[in-house]
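Novice: Here you go, one structure.
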Amino acid sequence: MFRRRTRALQGLGVALVCLLSACSPASNGSADGGDPGKPAVALFIPGQLGDGGFFDNSQTGVKEAGVRLGLKVRTVETGPDPSKWAPALNDVAGGDDQVIIVGTYGMKQIVEQAAQAHPEKSFVLYDVESTPAECGCHNIYSILYRYSESGFLAGALAGLLHKAGGVERIGSGNTVGVIGGQDIPVIQDYINGFKAGVAQTNPSLKVLSGYAGSFADPVKGQNLAAQMISDGADVLFTAAGGTDKGVIQAAAEHDVWAIGNSLTQADDPMVNGKTAVLTSAVTSVDTSLADAVEKAAAGTLPLGTTVRFGAKQKTNYVAQSQPYLKYVPEPVRGEIEKITTEMADGRYDSVLDR
Amino acid sequence: MLLSTILQNAAPYVLAATGCLLADRAGVVNIASEGMMLFGALAAVLGAGYSGFGLVGLLAAIVVASLLAAILAIFHLHLRANLILAGLAVNLLATGGTVLVLYSLTGRTGDSSGIPQGSLPEIAIPGAEHVPVLASLSGQSIVVWLALISLPATLYLWHRTRLGLYIRAAGESESALVESGLRPNRVRWAALLLSGLLCGMAGAQLSLSTTHGFVRDMVAGRGFIALGAMYLGARTPVGTFVAASLFGVLDAVATVLQVRTNFSTQILLSIPYVAILLALFLNGQRLRRVRRGIGGVS
Amino acid sequence: MVATTRSSIGSGFSVLMTNHDLATVEPHGAGEPPTGPPYRLEAVKLSKAYGQLTANHEVSLRVTSQSVHAVLGENGAGKSTLMKMLYGVEQPDSGQIRLDGVPVKLPNPKAAVAHGIGMVFQHFGLVPSLTAAENIALGVEPGRPWRIDKREILDSIGALSDAMGLHVDLKRPVARMSTAQQQRVEILKALYRGARVLILDEPTALLTPQERRALFDAVRRLTEAGTTVLFITHKLSEVAELADDVTILRRGHVVGHGRHADFNTAQLVELMVGGRPVTARRAPAPLPTAPKAASFTGLSVTGSQGREAVHGVSLDLREGEVCGLVGVDGNGQLEFLEGIAGIRPVTAGRIEIGGVALRRWTHRRARAAGLGYVPEDRLSAGVVPAFPIVDNMFADRITYGGYRRHGRLDKSRMRSEAVRLIEDFDIRCTGPLQPAERLSGGNIQKVVLAREISRGPKVLLVAEPTRGLDIGAAARIHEALADAAREGTAILVLSSDVDEVLAISSRICVFHEGRLVADLVNGDEVTAEIIGALMLGSAEDGPADSPAASPADVAPPAAGGGA
Amino acid sequence: MSASETIAVVPRQSGAWRRAVLRGGGRLAATVALAIIVIFVLLAMSADDPAAALGSLLSGPFTSSFRTGQWLSDSANLMLSGAAVAMVFRAGQFSLGAEGQILVGALAAGAAVLHLPSFPGVFVVGLTLGALAGFLFGLVPGLMKAYGGSDEIVSTLMLNYVATYGFALLINRYLQPASAGYPVSDFFDPAAFLPSLRIGQLTIGLALPFAIGCCVAVWYLINWTKTGFEMGAVGASVPFAQATGMRVRRSVWLSMALSGLIAGLAGAVIAEGSTHRLIVGLSANIGFDGILVALLTANRPLLIPLAAVAYGYIRTGGDIAQLSSGIPREVITTLQGFLILAVTARAPLAWIRHRAGRRRPAHGGPVIPGPAPLRAAASSQRTGS
């Protein structure tokens, strides 16, 4: 009885203190640097940074461009609670930032609403396309990515490595594998692209695929990879965020090649002193966003339009990493070069766009 | 290959479940096993990475996880916080704390890239490559070996040592211990610290052997599964060991199914949880049959 | 298991017959009482207060070596506090404890054990799943910390139990032992720790008369072997049977002490209750000829272990009769009662209350049909200690939808009715909102009875109505039951205290091995000895010896009952 | 978690009341001080300007009326979740299943409004189905406990995972539009949005009064109805409930199912009032936050709105600090852990006193347990556990 009361009091007190403290002067966020004349840029992350891929890459791109151009740039991370996204974006849109960069499919309508409410601001919406006709907003520049192209390149590489013969760690087995994080459309694009790439270059290869069910479960990634390896796979493409770590680990353990999806992975290919990541099939979100920031700074952001970034914009490519240059035979590299060029010309669109 | 995967997967379950068992039998449901494993995993990476020695990582994992156990012990045993809620709180501390520590050390919130990679020592059996079972065992990390000997060790603890006797007594009849001039809380402290130690080892296996590196939330419910395995094993050492190993097998089977079939990932991933639910129900039915009469409600 | 029980009961039985002699037995070590110190154990002017309440005021106690010393007093007289101080559980505010004339400090039980003092609590401090040996050795295991010497444990305990005649299966978990066996384990546990002074806290509270005999025999053997025994009780008969010396406590003060033989029963009662009226054995109520209130036919009931504990028992109850239910613990009488109450599954048979037969017997239906039930364990099943009196009093009626107005609970009406019941049943409390946990045991039982009687049941089932209560409170409870019977309620009362059953019942039913072996009209000819014999299963002897035993409504089953 | 406050409130003696206030005040001050210290240490670890971050955390929700509305909306969700938890705790059962029940409730509500033709008030259908689904999902561990004797802590914990995976699976398979790049459904029709009131920039959703209504309903159920009384009694003592003719099993499953119902409603309210669609991660741990809210009030339903508003303030403040100062979100998670520890710790003062050398045992009673626990042990032996 008594205890109950004191604890209830505590609850009340917490409220009280909060209310009292509300009188203290508000401090609005201030990011460092930035020329006063240039637009302030906010990168809005509807989720958490540290995914080792998509969001981290977008931050890299925006920051890099911001520093280069002397812009005031800040990142706003809302966390995975979707009920916070709309209010948080409204909050940001109501602030001082002139350019607001927002990604992922789930943000489409939310950004459109914010754009409608704040016609004076410029929005960059990446990874999904806004439909101006529906929302009646023309201050959104949309960026789409052709993930399937990256997958295709990785698949083509895997196929060609098998065809070439005599490549280190590539055995006589006839199997390659691809591992995704969650079973969601974006990742499905990667996987379908990979399968198409293998089919294009080496149709007799068998492709294993699996989802870890999480972007943050390297143990599951390790398990899946080890299983694929024991089923004969000697090249593994991974598109699974933090889960990638496990895949790469398994590749190192069992002497097979992993193909990553980001430059970071290609730049740091070692696990325990052993090279595991052959290269990465990059979809450079960072480049596309750096490009957008540049255009925004210059006042040339093509609002109301959509750009599909891919091989054509040179954002989808196979990284020229050390191991790639060392282990992949010259003819194969040439072939990949050629496929990338052809892809940019739209030769594989029919396969890729399903 | 499959057996070695199973061993690798089962080791954390076995160790953590044994930890839950010790705590549970001493009268403390260790719902914080998840958090202990998580912080253990991070500490292992940091310890091994910065010192260059895998064993230091293991030690760091043990110390940090035991520290969390100590927090739980202080709050539950001395400050009389509700056990389950304090356990949840420890889990929250681990979820948030690991990221904050990672952030303050590396500026990254997602994973431990940038910290030198370490690895647990591995124990190989010379000449075992061609012997069927030994081959999978050889070269496994020290933690897997520890998991294997955890069963005989627990049984020895149970039946041959004072601590084991006291642990079994503490959970069932606190008054008996007190009357024998013993302090139940000390026994619980010991059990909780041991529990932390085992969960720390389990975490180290995840981040220093099965994979190399820490990823936020990488324990992904394995601590809760370990807790469930303990219940599934009817709170006995052998049962717990078998049930925990079973989850290692289940993981491996799910992986095979994911790679070789088009089965829905979500369904495969929820199998362990459904299995625990079923086991709980069946076990409850069995107990109910035994004590039929005075209600079915414990 | 059955064999063990029987043999111990068997030995007790022979003593039972010489009961009358025991009352005049000379103290042990006859002759001059020890004239001077050192006494084995001595308490000098111990005082202890809990806040406002003085539990012990300058209590002194002298225990002669190798004697049996009884500490007699009503509940709340301060007996337990005294014992707790002697065992180091509580610290005296002032005073001194001496062992063999030497003052000792007992900051905790461990210190007491180190000084050779052992205590057996009323409710056992055993770990159910550990074996007897593990329980006995708990905390003092021989061997190194990382390796207990099991052989050594079994050998040494085995030797001890042989020497003391306290036989138990050392490898059996205590969960699977009878109460008496568990008590033996407890005594062994104390002795194993080197206890030479053994404190027994109401040791007979949970025992059957036969088990009590066996215990007393064991206590005798212990004193012969050199142990000094101090036991707490509020039962005069036990003092008469066992004690050499006695110290009587009342309200925290010593009001009398000396050799037991120096007191007669009337003096002891006088000292103990301080001149309050005490119910002696009540004249047996006449067997009413009123109509049947309930009839139970061929009931079989499942017991705790899933086995059938009651085999086809039939019994009729008439309005206004008080039927006592006795049996050695574990012979089905409790299961029978709980089966009728609908707490346990009844697997066969027919239950009729007020002429209406009910199918799918549950407690809820039983209550709806007019059954009242006072459970055995009043603190866990009789009341919710944290709930106020009013909630405890009307819990049954609330759950049946009573006390509602406009769909919500009518708390003010409940409160005013509670006030009335508190008066009627003489419940000592600050008001209907006082939580039950702050009441004494007797008043808690009155709350339970107020609840069960005030709903006007046709049949009232009562288990252990006065266990652990002092004489005054027990008398009130007995009055309340008698009043209810006068109102026409048929009462079935189960008690492990045969004297109580003899005092309040108009009829006595004896259970043995799950069967009703005797159904007697209570009268002066029916004695504790006869009932005791029947409880042991000697169905042929009992009624034959007793001319008053009338053929029961239900004939006892064929000789021996069969299993 | 025993329901010690039932039919009657123990009469208030002015002295005791004042002592309670003083002691409560002391504890409160300590808790708040601890919270602020912890926040500051965490911020110092992670923010460039900890003082500014703390300032924006503490004043955030009042810096614009939009943010105020956001705070109230978040508080409403917390209230519902807290009411669900308080419901089951007051009935003496333990459930950690609100998280899963919220997901299931949201899923049912969302699936309904996505498939139904739009008509005014369609949101009510969603709420009803959400509540129903939550009820059924809460019924599962309830029945498992009542009829199977299954430990409800483990079962509810496991069911949370089942709900999480099931939620993702169903959205993935049936509810997401073909073009989606992420498991998320279309937005609901505006008719399925929870109505809200706009006062200038301040938006107050129907969720708020609705949530307060739910808290009152739980209070009424527990304190003024037969069913609630039964639940309290069953929670306090099963043998007692059995011996007084109560329907023990019904009470167990009903209390857990009703808690599920409220959590399901919370899910529906979040879907219809906050996210306006189904999306993976929708529950965002609010089921566990509900435990904290219920705990802050010691499971008193009428105080839950206050506690939810207070806790919502810190949460929203944290969000705003994150928006404006760029501190990692984990500061709030960690703080939450500390807060739960701080409010669940029941005897810090006694312990400190004990440590300081008083010879009184920490638990304030004799070291040797009296008859009650022993008795319980003895009776559990008897019933053959």
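The values are calculated or read from the model by the stated rules, or taken from the named source; none is laboratory data. Only a predicted model underlies this, so the values are computations on that prediction, with no experimental measurement involved. So basically every Cβ, Gly included, is an ideal-geometry build from the backbone, and we count neighbours across all protein chains shown. Calculation scope for accessible area: heavy atoms of the full protein, side chains included, ligands and nucleic acids excluded. Shrake-Rupley method; radii C 1.70, N 1.55, O 1.52, S 1.80 Å.
Novice: Do you know which residues of the stretch C:392-431 lose at least 40 square angstrom of accessible area in the protein assembly compared with their chain on its own, with a 1.4 angstrom probe?
Specialist: Listed in order, they are C:A395, C:I398, C:T399, C:R408, C:L409, C:K411.
Novice: Okay, next question. Obtain the radius of gyration and the Kirkwood radius of the stretch C:322-467 from its C-alpha atoms and give Rg over Rh. Write down the numbers at each step before the final one.
Specialist: Working: Rg = 15.9 Å, Rh = 16.2 Å.
Computed over Cα atoms, the ratio is 0.98.
Novice: How crowded by other chains is B:101-113, given as the mean number of beta carbons from other chains within 10 Å of each beta carbon? Don't skip to the answer; put the middle values down first.
Specialist: Values: counts 3, 3, 8, 5, 0, 0, 0, 4, 10, 12, 10, 1, 8.
Mean shielding count: 5.
Novice: Need the C-alpha centroid separation for the stretch B:68-83 versus the stretch D:29-97, integer Å.
Specialist: With the stretch B:68-83 and the stretch D:29-97 each reduced to a Cα centre, they are spaced 23 Å.
Novice: Would you mind telling me the share, in percent, of accessible area of chain B contributed by carbon and sulfur at probe 1.4 angstrom?
Specialist: Carbon and sulfur together cover 68 percent of it.
Novice: Can you give the accessible area buried between chains D and A, summed over both chains, with a 1.4 Å probe, in Å² to the nearest 100? Intermediate results must be reported in sequence, preceding the final value.
Specialist: On the way: alone 20060 and 16450 Å², together 31170 Å².
When D and A are taken together, about 5300 Å² of accessible area is lost.
Novice: Starting from the Cα gyration tensor of the stretch A:155-311, multiply each eigenvalue by 5, take the square root, and state the resulting semi-axes largest first in whole Å. It would help to have the intermediate numbers written out before the result.
Specialist: Details: eigenvalues 178, 60, 45 Å².
With the √(5λ) rule applied to the stretch A:155-311, the semi-axes are 30, 17, 15 Å.
Novice: Would you tell me the mean number of C-beta atoms belonging to other protein chains that fall within 10 Å of each C-beta in D:229-235, as a whole number? List each step's numbers first, then the result.
Specialist: On the way: counts 8, 3, 0, 5, 7, 4, 1.
For this peptide, the per-residue mean of nearby foreign Cβ atoms is 4.
Novice: With the convex hull built on the Cα atoms of the stretch D:67-325, state its orientation-averaged projected area in nm². Walk me through the numbers before you get to the answer.
Specialist: Values: hull surface 58.2 nm².
Taking the Cα atoms of the stretch D:67-325, their convex hull projects to 14.5 nm² on average.
Novice: Starting from the Kirkwood Rh over alpha-carbon pairs, what translational D in µm² s⁻¹ does the stretch B:1-152 have by Stokes-Einstein at 37 °C and 0.692 mPa s?
Specialist: Working: Rh = 16.8 Å.
Answer, rounded: 196 µm²/s.
Novice: While we're on this one: Pop out a list of residues from the stretch C:362-376 that are at least 40 Å² less accessible with all the protein chains around than in their chain alone; 1.4 Å probe, no ligands or nucleic acids counted.
Specialist: C:R364
Novice: A further question follows. Short version: what are the Cα gyration tensor semi-axes of chain B, square root of 5 times each eigenvalue, largest first, in whole Å? Walk me through the numbers on the way to the answer.
Specialist: Working: eigenvalues 179, 116, 79 Å².
Values for chain B, descending: 30, 24, 20 Å.
Novice: For the stretch B:6-89, just say rounded, prolate or oblate: build the C-alpha gyration tensor, square-root its eigenvalues into a ≥ b ≥ c, call rounded for a/c under 1.5, and beyond that prolate if a/b exceeds b/c, oblate if not. List each step's numbers first, then the result.
Specialist: Values: a/c = 2.70, a/b = 1.55, b/c = 1.75.
Oblate shape, in that a/c is at least 1.5 and b/c is the bigger or equal ratio.
Novice: Provide, for q = 0.23 Å⁻¹, the log10 of I(q)/I(0) from a solvent-free Debye sum over equal Cα point scatterers in the stretch C:59-173.
Specialist: -1.33
Novice: Using modelled backbone amide H atoms (1.01 Å from N, in-plane), which distant-in-sequence or interchain residues come within less than 5 Å of C:V71's amide H?
Specialist: Residues meeting the amide H criterion: C:F231, C:I232, C:T233, C:T247.
Novice: With a 1.4 Å probe, what is the total accessible area buried between chains C and D, in Å² rounded to the nearest 100?
Specialist: Protein heavy atoms only, the C-D interface buries about 3800 Å².
Novice: Further question on the same structure: I want to verify a result. In a Gaussian network model of chain B, Cα cutoff 10 Å, which of these has the top mean-square fluctuation: B:G107, B:G118, B:G196?
Specialist: Among B:G107, B:G118, B:G196, the largest mean-square fluctuation in the Gaussian network model of chain B belongs to B:G107.
Novice: Using the Kirkwood radius over C-alpha pairs as Rh, can you work out the diffusion coefficient of the stretch C:386-455 via Stokes-Einstein at 20 °C, viscosity 1.002 mPa s, in µm² per second? Walk me through the intermediate numbers first.
Specialist: Details: Rh = 11.9 Å.
Translational D for this selection: 179 µm²/s.
Novice: For the protein assembly as shown, give the share of DSSP beta bridges that are antiparallel, in percent and rounded to the nearest 5; count only bridges with both residues there. Spell out each step's value before the answer.
Specialist: Values: 62 of 137 bridges.
Around 45 percent of the beta bridges assigned by DSSP in the protein assembly as shown are antiparallel ones.
Novice: Tell me, how many Å apart are the Cα centres for the stretch A:155-196 and for the stretch A:55-85?
Specialist: 32 Å
Novice: Could I ask something else about it? Tell me, what % of the accessible area of the stretch A:123-244 is carbon and sulfur with a 1.4 angstrom probe?
Specialist: Working: 1420 of 3030 Å².
Reported share for carbon and sulfur atoms: 47 percent.
Novice: Take peptides C:152-165, A:99-112, A:147-160, A:197-210 and line them up by average Cβ neighbours within 10 Å, highest first, as a rough protection proxy.
Specialist: Details: C:152-165: 15.2, A:99-112: 24.5, A:147-160: 29.4, A:197-210: 20.1.
My ranking of the peptides, most packed first, is A:147-160, A:99-112, A:197-210, C:152-165.
Novice: On to the next question. Determine the equivalent ellipsoid of chain A by diagonalising the alpha-carbon gyration tensor, then write out the semi-axes as square roots of 5 times the eigenvalues, largest first, rounded to whole Å. Before the final figure, lay out the partial values.
Specialist: Numbers: eigenvalues 336, 140, 61 Å².
They are 41, 26, 17 Å, listed from largest to smallest.
Novice: Then there's this: For the stretch C:134-206, just list the percent of Cα-Cα distances falling in each 5 Å bin from zero outward, please.
Specialist: In order of increasing distance, the bins hold 3, 15, 27, 25, 18, 8, 3, 1 percent.
Novice: A follow-up question, please. Place +1 on the Cβ of every Lys and Arg and -1 on the Cβ of every Asp and Glu in the protein assembly as shown, take the dipole about the Cα centre, and give the residue among D:T225, D:I262, C:A503 whose Cα lies farthest towards its positive end.
Specialist: Most positive-ward Cα: C:A503.
Novice: For the residue pair A:S230 and C:N264, what label-to-label distance in nm results when each label sits 7 Å from Cα along the Cα-to-beta-carbon direction?
Specialist: 9.1 nm
Novice: Would you be so kind as to list the residues of the stretch B:264-281 that have their accessible area lowered by at least 50 Å² in the full protein complex compared with their chain by itself (1.4 Å probe)?
Specialist: Correct list: B:T265, B:Q266, B:L269, B:Y273, B:L277, B:L280, B:F281.
Novice: Right, something else. Arrange the peptides C:95-104, A:274-283, D:116-125, C:449-458 so that the one whose residues have, on average, the most other Cβ atoms within 10 Å appears first. Don't skip to the end; give the middle numbers.
Specialist: Values: C:95-104: 15.3, A:274-283: 25.8, D:116-125: 13.4, C:449-458: 21.8.
Result, highest mean first: A:274-283, C:449-458, C:95-104, D:116-125.
Novice: Another one. Of the accessible area of the stretch D:135-240, with the probe set at 1.4 angstrom, what percent is carbon plus sulfur?
Specialist: Values: 2670 of 3940 Å².
In the stretch D:135-240, the share of accessible area belonging to carbon and sulfur is 68 percent.
Novice: At 1.4 Å probe size, with every protein chain present, just tell me what the per residue accessible area of the protein assembly as shown comes to in Å².
Specialist: Details: 56650 Å² over 1600 residues.
Each residue of the protein assembly as shown exposes 35 Å² on average to a 1.4 Å probe.
Novice: Treat every Asp and Glu Cβ in the protein assembly as shown as -1 and every Lys and Arg Cβ as +1, leave all other atoms uncharged, and give the resulting dipole magnitude about the Cα centre to the nearest 20 debye. Working shown, then result.
Specialist: Numbers: 135 positive and 125 negative charges, 504 e Å.
With only Lys, Arg, Asp and Glu charged at Cβ, the dipole is about 2420 debye.
Novice: Moving on. If the viscosity is 1.306 mPa s and the temperature 10 °C, what Stokes-Einstein diffusion coefficient in µm²/s follows for the stretch D:202-310 when Rh is the Kirkwood radius over Cα pairs?
Specialist: Details: Rh = 15.4 Å.
It comes out at roughly 103 µm²/s.
Novice: Hey, got the Cα dimensions of the protein assembly as shown along the principal axes, in Å, largest first?
Specialist: 118, 79, 62 Å, listed from the longest principal axis down.
Novice: Let me ask something additional. Assigning unit charges at the beta carbon (Lys, Arg +1; Asp, Glu -1) and nothing else, what dipole magnitude in debye, to the nearest 20, does chain B show about its Cα centre? Mind showing how you got there, number by number?
Specialist: Working: 18 positive and 10 negative charges, 197 e Å.
Computed about the Cα centre, the dipole is about 940 debye.
Novice: Order D:Y220, C:Y373, most accessible first, counting only protein heavy atoms with a 1.4 angstrom probe. If you can, show how the numbers build up before the last one.
Specialist: Working: D:Y220 75, C:Y373 10 Å².
Listed by decreasing accessible area, they come as D:Y220, C:Y373.
Novice: Let me ask you something else. Could you run the numbers on buried accessible area between D and B, total for both chains, 1.4 angstrom probe, in Å² to the nearest 100? Provide the component values of the computation, followed by the final result.
Specialist: On the way: alone 20060 and 14710 Å², together 29560 Å².
By this definition, chains D and B bury close to 5200 Å².
Novice: To one decimal place, what orientation-averaged projected area in nm² is obtained for the convex hull of the Cα set of the stretch D:117-234? Don't jump to the answer; show the numbers that get you there.
Specialist: Values: hull surface 45.0 nm².
In nm², the orientation-averaged hull projection of the stretch D:117-234 is 11.3.
Novice: Restricting to chain A, compute how many DSSP beta bridges are antiparallel as a %, nearest 5.
Specialist: Working: 6 of 45 bridges.
The antiparallel fraction comes to roughly 15 percent.
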